[in-house]
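The values are calculated or read from the model by the stated rules, or taken from the named source; none is laboratory data. The shown structure was predicted, so the numbers you read here are calculated from the model rather than taken from an experiment. Note that we place each Cβ from the backbone using ideal geometry, even for glycine, and neighbour counts take in every protein chain shown.
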Amino acid sequence: MSSSICIYPELVALLRQQTECILATVISTQGSTPQKSGSSALIGTGGLLAGTVGGGVTELKVIQQSQFLLKTKKSGLFSYELHGEIFKGSESICGGNMTILLDATPDLHLPVFYQLKNSLDRRQKGVLLTLTDATDLSNVKIVRQWIVEEELNFDQKMQDNIRPVISEMFRNNHSEAIQAIPFDENRTLAKGFSLMERIHPKPSLIIAGAGHIGHSLAHLGKFLGFDVTVWDDRPEYANQNLFPDADVVLSGTVDESIGQLPIRDDSYLVIVTRGHKSDAGVLRKFIGSNAAYIGMIGSKAKVAQMKALFLENTWATPEQWSRIYTPVGLDIGAQTVEEIAISIAAQLVKVKNQKSASHE
């Protein structure tokens, strides 16, 4: 199972502003449901602030329950049935059920969420451990801990049944991204549970080229949840004011700037520079990397010439070249700059989700 978009940095921002909110987390599901385990939402006095636990009537019920808990400051564990029938006018007809933890006092765990956010800022993954006492379902007690891999074996207080699960979550990306271990012998969550969420930093989108396509793609990439870096060798183009959606804007030569970026298996590189020579320079730098995606703009004629150049000069192996998405983007008949950017963004989403699905 892939993990959902991480909501905790937004939670930290809200708590810094002393905004009262409920942290709602789907901890288990059965049957068909609009969201799966790990989906989270932040709910304030005015309604939904961020994220989702499924939308529709179920989310409305969660919001209403959350607004009540904001007054009582008591956390709770709630089950929602989605077994309605269309001909009876039911609004929840997915056929499953969801168990959702509503944390009414996330501010009590602000230091833990700070640790989590700081790790993500360093592009370091971890596991958020949530321990609960659900003896009283209407007043659930919650304790949280943020764990990075290096610290796992040094916590002597961690329960023996939890440590191997977290260790497996670090070791194997094919393991579940969120797991709940009940405390009671009947294997239900009613008396309490240990919830473990594997949390990764946002995938990194690196856009080489600060022209029109790069500008539109930076906006889409941020909207889709990527950490966005834009590079161009022309400082007048590589300007933070021109790219308000970018997290980082770089200029300078390939070797001095973009070439210094760490490329990981969650890095997505799109090459849309001002010319073939510049495209080739960026591609040479990264074609041997373990990036999740490398895409390069160009006509079929340009791509054929570039491929021949790279193979003849042994700048790449045939296997390395076969990993390059070029011409870049899904074939949607794109004509305008914006449409081309959308076709690239769609391909990024497709590759990212296929990568996540292979880990399920």
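Figures for the structure shown
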| item | result |
| --- | --- |
| Residues (among the hydrophobic types (A, V, I, L, M, F, W, C) and either within 17 Å of the chain's Cα centre (by Cα) or assigned to a helix (DSSP H, G or I) (or both)) located in the stretch 10-22 | Leu11, Val12, Ala13, Leu14, Leu15 |
| Sole residue being surrounded by 15 or more Cβ atoms within 10 Å (Cβ to Cβ) and touching a residue at least 60 places away in the same chain (Cβ under 8 Å), chosen from Val337, Val328 | Val337 |
| Selection count, the stretch 248-265, where residues are closer than 20 Å to Pro201 by Cβ and either modelled with pLDDT of 95 or more or aliphatic (A, V, I, L, M) (or both) | 6 |
| Boolean, Val270 is free of Cβ contacts under 8 Å to residues at least 24 places away in the same chain and under 22 Å from Pro201 (Cβ atoms) | no |
| Scope the stretch 104-151; condition under 20 Å from Gln65 (Cα atoms) and assigned to a strand (DSSP E or B); matching residues | Thr132, Asp133, Lys141, Ile142 |
| Scan of the stretch 116-133 for residues that are buried (at least 16 other Cβ atoms within 10 Å of the Cβ) and closer than 21 Å to Arg163 by Cα, ordered by number | Leu116, Ser119, Lys125, Gly126, Val127, Leu128, Leu129, Thr130, Leu131, Thr132 |
| Residue in the stretch 152-171 that is nearest to Leu131 (Cα to Cα), counting only those that are modelled with pLDDT of 80 or more and not charged (D, E, K, R) | Ile162 |
| Selection count where residues are surrounded by fewer than 22 Cβ atoms within 10 Å (Cβ to Cβ) and within 25 Å of the chain's Cα centre (by Cα), scope the stretch 226-248 | 6 |
| So Gly95, is it farther than 17 Å from Leu14 by Cβ and either modelled with pLDDT of 90 or more or surrounded by 19 or more Cβ atoms within 10 Å (Cβ to Cβ) (or both) | no |
| Breaking point among (1) surrounded by 19 or more Cβ atoms within 10 Å (Cβ to Cβ); (2) among the polar types (S, T, N, Q); (3) over 23 Å from Val112 (Cα atoms), for Ser40 | (3) |
| Residue match in the stretch 252-259 (condition: assigned by TED's automatic domain parsing to the domain that holds Ile297, assigned to a loop (DSSP other than H, G, I, E, B) and under 25 Å from Gln354 (Cβ atoms)) | no |
| Boolean, Glu149 is among the charged types (D, E, K, R), in contact with a helix residue (DSSP H, G or I) (Cβ under 7 Å, 6 or more places away or on another chain) and at pLDDT below 85 | yes |
| Answer residue from the stretch 173-191, given it is surrounded by fewer than 18 Cβ atoms within 10 Å (Cβ to Cβ) and under 17 Å from Gly76 (Cα atoms) and is modelled with the highest pLDDT among those | Pro182 |
| Residue in the stretch 213-225 that is surrounded by fewer than 22 Cβ atoms within 10 Å (Cβ to Cβ), in contact with a Gly (Cβ under 9 Å, 6 or more places away or on another chain) and not β-branched (Val, Ile, Thr) present | no |
| Flag if Val282 is more than 24 Å from Ala334 (Cα to Cα), at pLDDT 95 or above and not hydroxyl-bearing (Ser, Thr, Tyr) | yes |
| Unmet criterion (only one of (1) at pLDDT below 95; (2) surrounded by 15 or more Cβ atoms within 10 Å (Cβ to Cβ); (3) small (Gly, Ala, Ser); (4) farther than 15 Å from Ile206 by Cβ) for Ala316 | (1) |
| Pick from the stretch 208-228, criterion in a loop (DSSP other than H, G, I, E, B) and touching a strand residue (DSSP E or B) at 6+ places or on another chain (Cβ under 8 Å), ranking: farthest from Tyr268 (Cα to Cα) | Ala210 |
| Single residue of the stretch 49-84 satisfying the filter (loosely packed, with under 15 Cβ neighbours inside 10 Å and of a type in the set (Ser, Thr, Tyr)) that is nearest to the chain's Cα centre (by Cα) | Ser79 |
| Criterion violated by Ile287 - all others in (1) more than 19 Å from Leu220 (Cβ to Cβ); (2) surrounded by fewer than 19 Cβ atoms within 10 Å (Cβ to Cβ) satisfied | (2) |
